[in-house]
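The values are calculated or read from the model by the stated rules, or taken from the named source; none is laboratory data. All values derive from a computational prediction rather than experimental measurement. Calculation scope for accessible area: heavy atoms of the full protein, side chains included, ligands and nucleic acids excluded. Shrake-Rupley method; radii C 1.70, N 1.55, O 1.52, S 1.80 Å.
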Amino acid sequence: MNRKTSKLVKILLSLFALNSLTLYFYFSSDSHHGHPPPHHHHHHQSQTDTTHHHNSTHQQQFSKPWPILPSYLPWSSSQNPDVKIRSCEAYFGNGFQTRLDLLNSSSPTASVGGGGGGGGWFRCFYSQTLRSSVCEGGKVKMNVGKIRMSRGGESLEEVIGRREEDEMPVFEAGAFEVEVDADGKRGFDGGRLVSDDFLDSYVPEGAILLHTMRGLIASIRVVEPQVFNDCVQMLFVLCGVCATFIVSDVGKLAYLQWVEEPTLLVTRFEYANLFHTVTDWYSAYVSSRVTGLPNRPHLVFVDGHCKTQLEETWDALFSSIRYAKNFSRSVCFRHAVLSPLGYETALFKGLNEEINCHGAASQDLWQSPDDTKTARLSEFGEMIRAAFGFQVHRQRTKKPDSGHNVLFVRREDYLAHPRHGGKVQSRLSNEQEVFDSIQRWVSDHLDCKINLINGLFAHMSMKEQVKHIQDASVIIGAHGAGLTHIVSATPKTVILEIISSQFRRPHFQLIAQWKGLEYHAINLDGSYANPTVVIDKLSNIMRSLGC
């Protein structure tokens, strides 16, 4: 045997050994992940941190645990079996009471739509209140070549001028697939997992012209197991002709592995706007809780947007983030959760329909449930703060030793997205004059220590922004997306919103109400605020705080 032949044999033997090892791990892991997890929830938050044992140690190692949140209340349907339609829990918590099993891996026939069987599974939880569904499935394959959109995840400077329609996903038939056996496949019309009637009933378009999550679900096809072969590391064949190709392709193996940990699939619209991004964060958080995930999921953006400053919070909240088009090939998920659009959350729906809910302490609601009160937004705000490593306490009961922080949230020019000119629309024409006047008042106010914080958020990290919100006794600002940060404010924080005549919208008054925060507004005739009026209002607020 000459040297060249000997070298080739060694390469082929090595590749054969690697392939055998891969197949061993694949089939051994498959025995643990072939069936849907039971639908259950945790009775107390600390269980998810210290006592919950998931049957995949791999997930425990690579997924972030849920933090302990003082305002946490159970999300279990079994503990809230009688959630009333349009109650506060139905709007902000687990109102997803209608369970729809479309594909059941342990049964020859699914309960909805016919068909079933095989290793894959799929189900949805529908909320009659929000008219929206949280869906999840197992053995779900994403064929990135059948999703038309830009790559996503680029720096903003790389894609200046890119059209919005290029960033929105368009799904071809089979963009997503779920495994089913041959007998089960015959029960699905044309291989479609869901019908148009199902979509109209449980994933309605509403007023959304391009409902991307509906499009994603509509694209799902049921396929037989062999279709999933390219998600298994079976690239090696014993032939001298292709040996060089195989060796060069080994580096791509990571893209062909199954994603073992639960993964959220998220599509976004106004991804550079804080208010709309908070609605996406909330939807993703609710989806994770409704489906009973034992740890914080990984996340895949199924859109083609570039990176923004807000991605820092996405990364903090979840175990990891990635863009769909950044996968070079098809990828298969053992457990995928489909997060509803942010437009379908109470945070957005409350702008157009009355949601008469008020924030309350979770311990009070635990002892005396009340359909008109909620602690869910407080829980979510604690989640954001804890994700950045800040301590979360049940409430702040006394003045901080360092004095009261008065945070003035500013609006400043910055480049937000590829189609943005870098100029923000003024909501307070004399903002600098108002800030300077408050600064002079603070320096002359010697009764107690007041620290005026210049909230130039556009030039701060997200972690810095959240810390300033957490440390504030009073938050002042003109109507604008930056005030959405009050979802992370502590219970004793007071909100003062300055509202021009052109922007009288209830966004932040509602968030304050739903969190149980004290809220004040100064309504302007135009966009000019009399500094004396602002200072008088602030002075009254500080007196109420004992200052």
Which whole-number percent is the relative contact order of region 402-547 (Cα, under 8 Å, 6+ apart)?
28 percent
In vacuo Debye scattering of region 168-212, one point per C-alpha: log10 I(q)/I(0) at q = 0.27, 0.29, 0.30 Å⁻¹?
-1.12, -1.17, -1.19
Greater than 18 Å separation of Cα atoms is the criterion. Which listed pairs, LYS146/LYS325; LYS373/LYS537; LYS467/LYS492; LYS64/LYS515, meet it?
LYS373/LYS537; LYS64/LYS515
Using Cα centres only, tell me the gap between region 317-336 and region 359-381 in whole Å.
34 Å
For region 433-445, Karplus couplings with θ = phi - 60° (6.51, -1.76, 1.60), whole Hz, Gly/Pro x
4, 5, 4, 4, 5, 5, 4, 5, 4, 4, 5, 8, 8
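Over region 444-547, with every protein chain in place, what whole percent of the accessible area is carbon and sulfur at 1.4 Å, could you tell me?
Heavy-atom surface of region 444-547 belonging to carbon and sulfur, 1.4 Å probe: 47 percent.
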If one computes the Cα centroid of region 117-144 and of region 273-287, what distance in Å separates the two points?
19 Å
What is the set of long-range amide H partners of SER132 at a cut-off below 5 Å, with H atoms built 1.01 Å from backbone N?
SER127
Check which residues have an amide H placed less than 5 Å from LEU102's amide H, if you skip close sequence neighbours.
PHE122, ARG123, CYS124
The long-range amide H neighbours of LEU452, using H built 1.01 Å from N in the peptide plane and a cut-off of under 5 Å, are VAL406
